[in-house]
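Asks: Sending over a structure as structure tokens; questions will come in a sec.
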């Protein structure tokens, strides 16, 4: 379905009568200003130019994107500027960060008529209509096949392997305070090891020469061995191998140059959302754009632009995505803690920082 034209901003009719000329001019001027929408996103957001052009052609609304850095940094910017929002729409807040966003009262609730097409598996009922799901990914570790073949060590097969001295100095993750996949993995370790054991696991990773980067791009394109770094194990997405094939010198390859770590609890499902920022200058245009993000046109563009899954039911996937973007099995997806309140997440982040970055003993932070 195309974006709902009823969400487009109304255009005032041109009144010919001289007595109403000034009123008409003011109405037209107001409409011209309103026919735009500003979208604050993280740096990994991508969409085809032709898709945005189709939205503008249908609605008359011009779209401006503002990149805010990694997801955590982008959310921080939205919170710091909430009294005078820098955008109308915020995209990229996932389950792990939503509690902070809601605690800051960032969003104006909105339920898109297009939401009836969202696969129920990707709904987030706990957050109501504050945000709208747009895409889903699976955070997991990617392994550099060529590095391991040259080194002779077997690929790791469990989360505990990453803390084994046999794999010392091989893993890079992202800071959960600034990176959404970084936070997703932390929440996954809480789900797998429990609140009594997750910090001990991270202490073992730390002592095994774990590398931490601020964001996904730095970890993947700087620290990962496939791009010149010294870490052949990188926290990324289960769909990243598909991107490696499509953007490689051999797009017809039958095997991706990277593999996923497949094991119980090794992956964390991550649903990215979009919402209308409270105090937005153009709330109607913001709602129209959210409608569009759930449309067939936008959702079909998601896999090969952001290499995550569309949330609209029955959206076809590209062949290469089907072939190389693995979907973890139910037993491979880590359970998330039941309470994802802002207070609990802040406490977990403080504990993680104390243990991983400051080297404290886990028992001192509980």
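Asks: Using only Cα atoms, tell me the angle between helix 21-34 and the longest principal axis of the chain; keep it within 0 to 90° and round to the nearest 10.
Replies: So the inclination is approximately 10 degrees.
Asks: Rounded to two decimals, what is the ratio between the C-alpha radius of gyration of segment 28-125 and 2.2 N^0.38 Å?
Replies: Numbers: Rg = 14.8 Å, N = 98, 2.2 N^0.38 = 12.6 Å.
Ratio of Cα Rg to 2.2 N^0.38 Å: 1.18.
Asks: Could I ask something else about it? Which log10 I(q)/I(0) values, to two decimals, does segment 151-262 give at q = 0.10, 0.14, 0.16, 0.24 Å⁻¹ under the Debye formula with one point per Cα?
Replies: The Debye formula, applied to the Cα set alone, gives -0.30, -0.59, -0.76, -1.54.
Asks: May I pose another question? Per 10 Å bin from zero, what fraction in whole % of the C-alpha pairs of segment 285-356 is there, up to the bin with the longest pair?
Replies: 16, 27, 27, 27, 4
Asks: Determine, for 220, 201, 237, the number of other Cβ atoms within 10 Å of each Cβ, and report the residues in order from fewest to most. Please list the in-between numbers first.
Replies: Values: 220 24, 201 20, 237 27.
Listed from fewest to most nearby Cβ atoms, that is 201, 220, 237.
Asks: Can you give me the angle between helix 283-293 and the longest principal axis of the chain, using Cα atoms only, in degrees from 0 to 90, rounded to the nearest 10?
Replies: Here the helix axis deviates by roughly 50 degrees.
Asks: Still on this model: Would you mind pulling out the separation of the Cα centroids of segment 114-158 and segment 286-357, in Å?
Replies: 6 Å
Asks: Could you tell me whether segment 81-214 comes out rounded, prolate or oblate from its Cα gyration tensor? Rule is a ≥ b ≥ c as square roots of the eigenvalues, rounded for a/c under 1.5, then prolate if a/b exceeds b/c, otherwise oblate.
Replies: The shape class here is prolate.
Asks: P(r) tail for segment 189-250, what percent of Cα pairs lie past 17 Å? All intermediate terms of the calculation are to be shown ahead of the outcome.
Replies: Working: 1024 of 1891 pairs.
Of all Cα-Cα pairs in segment 189-250, 54 percent lie more than 17 Å apart.
Asks: Another question, if that's okay. How big is the Kirkwood radius of the chain, worked out from every pair of different alpha carbons and given in Å to one decimal? Write out the running numbers ahead of the final one.
Replies: On the way: mean 1/r = 0.0460 Å⁻¹.
Kirkwood hydrodynamic radius for the chain: 21.7 Å.
Asks: Sticking with this structure for a sec: Report the label-to-label distance for residue 49 and residue 366 in nanometres (one decimal), using points 7 Å from each Cα along the Cα→Cβ vector.
Replies: 5.7 nm
Asks: Moving on to the next point. Starting from the Cα of residue 252, step 7 Å toward the Cβ, then list every residue of segment 285-328 with an amide N under 17 Å from that point.
Replies: Only 319-320 fall inside the zone, counting backbone N under 17 Å.
Asks: Right, another one. In degrees from 0 to 90, rounded to the nearest 10, what is the angle of the helix 342-352 Cα long axis to the longest principal axis of the chain?
Replies: Rounded to the nearest ten degrees, it is 30.
Asks: So, R0 is 25 Å and r is the distance between the beta-carbons of residue 56 and residue 304; what FRET efficiency does that work out to, to 0.05?
Replies: The computed FRET efficiency comes out at 0.75.
Asks: Run a plain Debye calculation on segment 107-175 (Cα atoms as equal point scatterers, no solvent) and give log10 I(q)/I(0) at q = 0.12, 0.17, 0.25, 0.28 Å⁻¹, rounded to two decimals, same order as the q list.
Replies: Scattering profile of segment 107-175, log10 relative to I(0): -0.58, -0.72, -1.18, -1.37.
Asks: Restricting things to alpha carbons, find the Rg to Rh ratio for segment 224-366 using the Kirkwood radius for Rh.
Replies: Taking Rg over the Kirkwood Rh, I get 1.04.
Asks: Based on alpha-carbon atoms only, what is the radius of gyration of segment 261-302 relative to the globular estimate 2.2 N^0.38 Å?
Replies: Cα Rg divided by the expected 2.2 N^0.38 Å: 1.72.
Read-outs throughout are calculated quantities, based only on the coordinates presented, and are distinct from any laboratory measurement. Nothing here was measured: the structure is a model prediction, and the numbers come from that model. Positions of Cβ are backbone-derived with ideal geometry, glycine not excepted, and every protein chain shown enters the neighbour counts.
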